[in-house]
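Peer 1: Sharing a structure below in structure tokens format, with a few things to ask.
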Amino acid sequence: MGQQPHVLSVCSMLSNCLNSIKTPPARCVFADSWFASVSTALALREHLGLHFSGPVKTAHKNFPIEAIRHTLSKMQRGEHITLKCEEVENLWAIGWHDHHFKCFVTTHGVTTPGKPAPKRRQDIEGSTYLKEIPRPDVIAKYQGEMGYVDRHNRFRQGILHLSKVWITRRWQTRIQLELLGMAMVDAFLACRSIMPKWQNVSDEDSIFWKFVHTVVSQLDERPMAERQREGEEDTPTLHCKHVAIGLYKVQGGTYKGSLKSKQARCKFCHLRRKNVNESGTSPPTCFWCSFHEVAVCRKYNCWQRHLSEVERQSRDEFAI
């Protein structure tokens, strides 16, 4: 990790903003509190030439965390404090008052006002609105970039979870599955970032499964029945996932710019009403089967009816 970092306790308080760094642009690493420390920031800059920003919690060696918390306790929510290390160039400690006192170590950025932090609140009538909390630009940039590792893990392990679908005792196979899962999630995130078809969609389970099905169909053009592995003929509902349809951004009105859940009419509520001669339409639902793209609510036994229909159609197909 290089030489012992200088102590940040010798510092000067700044009231406005950090000085702009005159060095050539470098890549910035945004890490969570597990990795964030003064030692990490200095080592990345010294050995790899990378900038660093991250929240400091327990790894506060050589970081003035108590001084920052003491100062923030006398400040209002949304205010911040900036400390500069006088012994190391371009090394900063930032504290931000957001109910909880949040402390950051960084080697780059500015503390001019950034995009406010949106906080969801409810009024007396139960309506939801956004309350904006001021924050400096360096913290706004960090909070805009944080969480990508967790999102990647969620898609790879929580949604795709190849290790649970293809159970194996061979460590070589497990590594291959993890590499395959990483490649699939990387491709999804890249397409969502640069391809117009996927660019304006949110990180929803259904969108990810739609992407996976699209990629699989492009790699193997055979019908689904022919691509089934041995033993899958008995489980035609293996690929059925009961997930949220997704989100959309309101384009106008009072809630312009806010995100709301997409809705559709449940297919099986309509059939249930029809069977008992009830009038009216099916209630809207936010859920569907991502594989068959059929709206299925979470009430009654609609999901079980969907699975039964898939199994019946599979039996009819093989019978023909």
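The values are calculated or read from the model by the stated rules, or taken from the named source; none is laboratory data. As the structure is a prediction and not an experimental result, all values here were calculated from the model. Cβ coordinates were reconstructed from backbone atoms using ideal geometry, including for glycine residues, and neighbour counts include every protein chain displayed.
Peer 1: Tell me, which residue of segment 274-290 that is surrounded by 15 or more Cβ atoms within 10 Å (Cβ to Cβ) and not small (Gly, Ala, Ser) is nearest to Leu307 (Cα to Cα)?
Peer 2: Cys289
Peer 1: Sticking with this one: Quick test of your reading of the structure: Gly147 fulfils all but one of (1) surrounded by 15 or more Cβ atoms within 10 Å (Cβ to Cβ); (2) closer than 24 Å to Phe52 by Cβ; (3) not basic (Lys, Arg). Name the failing condition by number.
Peer 2: (1)
Peer 1: Within the set of pairs 6 or more residues apart or between chains, which connect a residue that is closer than 17 Å to Ile81 by Cα inside segment 103-126 to a residue that is surrounded by fewer than 13 Cβ atoms within 10 Å (Cβ to Cβ) with Cβ atoms less than 6 Å apart?
Peer 2: Pro116/Glu132
Peer 1: Among the numbered criteria (1) at pLDDT 50 or above; (2) within 26 Å of Arg69 (Cβ to Cβ), which single criterion is violated by Leu48?
Peer 2: Here Leu48 meets the rest and fails (2).
Peer 1: Cβ-Cβ distance below 8 Å, separation of 6 or more or different chains: which pairs start in segment 47-65 with a residue that is over 14 Å from Arg27 (Cβ atoms) and free of Cβ contacts under 8 Å to residues at least 40 places away in the same chain and end on one that is of a type in the set (A, V, I, L, M) and part of a loop (DSSP other than H, G, I, E, B)?
Peer 2: Between residues of segment 47-65 that are over 14 Å from Arg27 (Cβ atoms) and free of Cβ contacts under 8 Å to residues at least 40 places away in the same chain and residues that are of a type in the set (A, V, I, L, M) and part of a loop (DSSP other than H, G, I, E, B), the close pairs are Ala59/Ala36; Ile65/Val56.
Peer 1: Then there's this: Which numbered condition in (1) assigned to a helix (DSSP H, G or I); (2) crowded, with 17+ Cβ neighbours inside 10 Å is the only one that Met182 fails?
Peer 2: Condition (2) is where Met182 drops out.
Peer 1: Taking the condition assigned by TED's automatic domain parsing to the domain that holds Ala59 and under 30 Å from Ser258 (Cα atoms), does Cys85 pass?
Peer 2: no
Peer 1: Just give me the residues in segment 142-158 being aromatic (Phe, Trp, Tyr) and within 8 Å of the chain's Cα centre (by Cα), in sequence order.
Peer 2: Scanning segment 142-158 gives a single hit, Tyr148.
Peer 1: Could you please give the count of residues in segment 106-137 that are surrounded by 16 or more Cβ atoms within 10 Å (Cβ to Cβ) and touching a strand residue (DSSP E or B) at 6+ places or on another chain (Cβ under 6 Å)?
Peer 2: Qualifying residue count, segment 106-137: 8.
Peer 1: Let me ask another. Is it the case that Asp220 is without any contact (Cβ under 8 Å) to a residue 12 or more places away in the chain, exposed (fewer than 15 other Cβ atoms within 10 Å of the Cβ) and under 30 Å from Thr111 (Cα atoms)?
Peer 2: So Asp220 fails the test.
Peer 1: Output the residues belonging to segment 93-107 that are of a type outside the set (D, E, K, R) and touching a helix residue (DSSP H, G or I) at 6+ places or on another chain (Cβ under 8 Å).
Peer 2: Those that are of a type outside the set (D, E, K, R) and touching a helix residue (DSSP H, G or I) at 6+ places or on another chain (Cβ under 8 Å): Ala93, Ile94, Gly95, Trp96, His97, Phe101, Cys103, Phe104, Val105, Thr106, Thr107.
Peer 1: Would you check which residues across segment 71-99 are closer than 21 Å to His51 by Cβ and modelled with pLDDT under 90 and list them?
Peer 2: Of everything in segment 71-99, those that are closer than 21 Å to His51 by Cβ and modelled with pLDDT under 90 turn out to be Lys84, Cys85, Glu86, Glu87, Val88, Glu89, Asn90.
Peer 1: Being surrounded by fewer than 18 Cβ atoms within 10 Å (Cβ to Cβ) and in contact (Cβ under 8 Å) with a residue 40 or more places away in the chain is the filter; apply it to segment 68-83 and report the residue that is nearest to the chain's Cα centre (by Cα).
Peer 2: The selected residue is Gly78.
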